[in-house]
Amino acid sequence: MKMKDKIFIQPGTPNDDNREYLPEAIAIKGCDMVVNENGNNSQVYPARLKKYTDIVLDEIEDTWFEYVPASYDGTKKVPLVFSMHGGLMTGWGQAIYTSWTLVADREGFIAVFPNANKRRFWLVEYDKEKLGIATEPNDTGVYLNMPPENPDDNHDMNLVLKLIERMKQKYSIDEGRIYMQGMSMGNMMTSQFARYHGEVLAGEAGSGGPSSPALLFDDNDEVINRAGPLAVWESRMEHDRVPPHFKGDTDYVVKRSREYWKRINKCCSLPEIKIVGEDNFAFYKGGNADQVFRDVKNRDHGQTFDDAELVWDYLFSGVRRDENGKIVHTDSIYPRKGDEYAIALALGKAKAYVNNKVTDMSGPVFKHQKLKYHGLNGGSIVRGEYFMVPVSFVEIVFGAKCIISYNGYAAEMTLKDGRVLQFTRGSIGCVVDNKVHSMFCEAVYRDGELCVPIEWICKRLFNNHISCCDDVMYITDHYNELSINMAHIIRDEILF
């Protein structure tokens, strides 16, 4: 990699006294200040980020910011990325709270960060039944104006269309590789633009601002869409409950947003699951276009600093719109493939998701408690609860050979690597190669079959990593943290 293509994060001076939603540009531009608002960490204001102000349409003066990497020389066509800020923020604020400029340095594309005019709120459609929009200034002095009834008269969407044309005239832009991403209200703006004008994009991505289902589906549950298929990325934060007008229905809203694009993109098969650390990915293959759902463990509203990096590496880097307007997927930097080795289980389900395929079990997963008894005083204390599975499932998953004896109360299993295990009803002991080991809890006989603690087997015998969330378990050979939305996809969409 050439030096000019190398990513470098400039060291900054943290301003621990500044926790404003968005510090004024004068306070951060031209210095090395970095701030951290709600876990959204900024970078130093990029030196190559240029501000532009002009009357583009409607006799209204608009402002936007352009980032052109040092490698750009106009000799070849490059991709174009628009990134839309959240409510009350600005284009330059979106630039410092994301890694788009850094990825642009490495990949050579041009990034544009528009302002939502002086409103600092995008003109986006709302579910009027759930949210009353103010026509007077709120406590920040900002008007929350409703967009025009006719979407073709929407100034903000038309501004983006005009800026795309301006960028194509000003720079050497690959017209088949134009993308849009947004955060919070910018996510809502991106989704709206994709529904009405997505034909000018190859892909769209958003974080932390799903649109209300009333804007996505009509009364007959048919999708409301004018632009057609589009490669889509959705980032959600596990603890995100914004926008507040969803009133506790955020899980449903997130699910419906995912369903909306699945229908349009004809994603009919089950997703492939990949969990790396706190990043939970569901990769959907579509007949019209692919989509990616990402849920981030232990994060609140906003966008992660590496969201741009992941969006580019997994999706935007490998998607374009051809001369016939069709979405074409090529090799992205990271393949959209699930974990090669993974086991997903849900309490009460007689199915498992093994290496991205559904596998039936002879009985449902259940929990069994390990108890500490208080001797002569009676009573007990629960020292742990563990997922129990039929021994036949262990045999299938690990390609073992099992011999059942004592009317089903004992099982001897030979693993592929030659290790021999022995389980017995009522005993916490497991014999491994003629040596006694203590499991997390005793083996249990239920519904005609011996059941064993899958957690102990995977941790002790295979050194696997296991995480649990909302009575769903994910097992793989690397560090993973299962998140709430991914747990729901596994339980309700895959193991239904």
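The values are calculated or read from the model by the stated rules, or taken from the named source; none is laboratory data. Just so it is clear, the structure is predicted and the values come from calculations on it, not from any experiment. No Cβ is skipped: glycine too gets one built from the backbone with ideal geometry, and neighbour counts run over all protein chains shown.
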Original post:
Within region 307-319, which residues are part of a helix (DSSP H, G or I) and under 27 Å from F496 (Cβ atoms)?
Top reply: Y314
Subject >> Sole exception among (1) under 39 Å from the mean Cα position of the chain (by Cα); (2) modelled with pLDDT of 95 or more; (3) outside any loop (DSSP other than H, G, I, E, B) for D417, by number >> reply: (3)
**OP:** From E129, E165, grab the single residue that is at pLDDT below 95, surrounded by fewer than 15 Cβ atoms within 10 Å (Cβ to Cβ) and either assigned to a helix (DSSP H, G or I) or out of contact with any strand residue (DSSP E or B) (no Cβ under 9 Å at 6 or more places or on another chain) (or both).
**Re:** E129
Original post:
If we scan region 243-254, do we find a residue that is surrounded by 17 or more Cβ atoms within 10 Å (Cβ to Cβ) and in contact with a strand residue (DSSP E or B) (Cβ under 7 Å, 6 or more places away or on another chain)?
Top reply: yes
Original post:
Within region 397-407, is even one residue under 31 Å from the mean Cα position of the chain (by Cα) and loosely packed, with under 14 Cβ neighbours inside 10 Å?
Top reply: no
Subject >> strands (runs of 3 or more DSSP E) wholly inside region 221-306 that include at least 2 residues being farther than 23 Å from D470 by Cβ >> reply: 231-237
Original post:
Since I475 meets every condition but one in (1) within 30 Å of F293 (Cα to Cα); (2) in contact with a Ser or Thr (Cβ under 8 Å, 6 or more places away or on another chain), which condition does it not meet?
Top reply: (2)
**OP:** Working only within region 45-86, note down all residues that are buried (at least 23 other Cβ atoms within 10 Å of the Cβ) and part of a loop (DSSP other than H, G, I, E, B).
**Re:** H85, G86
Original post:
Out of curiosity, is A352 crowded, with 17+ Cβ neighbours inside 10 Å and either touching a Leu at 6+ places or on another chain (Cβ under 6 Å) or among the charged types (D, E, K, R) (or both)?
Top reply: yes
**OP:** Looking at (1) in the same structural domain as T250 (by TED's automatic domain parsing); (2) surrounded by 13 or more Cβ atoms within 10 Å (Cβ to Cβ); (3) farther than 22 Å from C268 by Cα, find the lone condition where G384 falls short.
**Re:** (1)
Original post:
Quick one: what pairs do we get from region 166-178, first residue over 12 Å from R320 (Cβ atoms), second surrounded by fewer than 17 Cβ atoms within 10 Å (Cβ to Cβ), C-beta under 6 Å, 6+ apart or different chains?
Top reply: S172/G74; S172/K77
Original post:
Which one of the conditions (1) under 19 Å from the mean Cα position of the chain (by Cα); (2) touching a residue at least 40 places away in the same chain (Cβ under 8 Å) does G318 fail to meet, given that it meets all the rest?
Top reply: (2)
Subject >> Those residues of region 390-410 which are over 26 Å from V358 (Cα atoms) and among the polar types (S, T, N, Q), in sequence order >> reply: S405, N407
